[in-house]
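First comes the structure, then the notes that go with it.
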Amino acid sequence: MKDCIFCKIINKEIPSDIVYEDEKVVAFRDLEPQAPVHLLIVPKTHIASLNDVEPKDLETMGWLLTKVKEIAASQNLANGYRLVCNTGEDALQTVKHIHFHLLGRRLMQWPPG
Ligand code: DGP
C-alpha cells in the first residue's frame, strides 16, 4: 500500500536489515530495539492490524505463525522470547501494517508497562 512504511520495506523501496524472507513473510530488525534481539515479523500482504484480519488471510497469518519458531531459532533464542502485536491506540500501535515484535536475549518483565 502506498505510504505504508512496512510495504516500502517489503518492496525494498527503503533499506532495512532483513533477517528472513519468503513469499509471504518478512522479518527485519526494529529501528528502535527494545531488547538485544528485536525483530518485526510482517506479512507481505498489507493488513492494517489484528482487528483487520479476515478469513481470507488465514493462509498468510497461519504461515507467519509457523515461521516464528524458525526465525527465533535463527536468532539463538532457545531460552525464550516474547511475541507482541500492538493493536490500536491504547497499545501504542504506530505503524498501521500488522507486525509482530519478536523480542529476546534478555529477561522480560510481566506485566509489561
Ligand atoms: P508499534 O508501536 O507496535 O507500531 O511498533 C512499530 C515499530 O516499528 C517500532 O518499534 C519502530 C519500528 N519502525 C518504525 N519505522 C521503521 C523503519 O522504517 N524501519 C524499521 N526497521 N523499523 C521501523
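Only the coordinates and a few stated rules stand behind these numbers; no lab work does. All values derive from a computational prediction rather than experimental measurement. Every residue, glycine among them, receives a Cβ derived from its backbone with ideal geometry; neighbour counts consider all protein chains shown.
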By how many degrees, 0 to 90 and rounded to 10, does the Cα axis of helix 58-74 deviate from the longest principal axis of the chain?
30
Ignoring solvent entirely, what values of log10 I(q)/I(0) come out of the Debye formula for the chain at 0.20 Å⁻¹ when each Cα is a single scatterer?
-1.17
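Using DSSP to define loop residues, name the GluC sites (Glu not before Pro) in segment 1-105 whose beta-carbon has at most 10 other beta-carbon atoms within 10 Å. Display every interim value, and only then the final one.
On the way: sites: Glu13, Glu21, Glu23, Glu59, Glu70, Glu89; in loops: Glu13, Glu23, Glu89.
Filter output for segment 1-105: Glu13, Glu23, Glu89.
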Quick one: dipole size for segment 59-103, taken about the Cα centre, charges +1 on Lys/Arg Cβ and -1 on Asp/Glu Cβ, in debye to the nearest 20.
140
At Glu70 and Gln34, where each label point lies 7 Å from the Cα along Cα→Cβ, what is the point-to-point distance in nanometres?
2.7
Separation of the Gln109 and Glu89 label points, Cα + 7 Å toward Cβ, nm
2.5
About its Cα centre, the chain carries a charge dipole, from +1 on Lys and Arg Cβ atoms and -1 on Asp and Glu Cβ atoms, whose size in debye to the nearest 20 is 300
Helix-derived [θ] at 222 nm for the chain: sum -39500 (n - 2.57) over DSSP H runs of at least 4, divide by residue count, nearest 500?
-6000 deg cm²/dmol
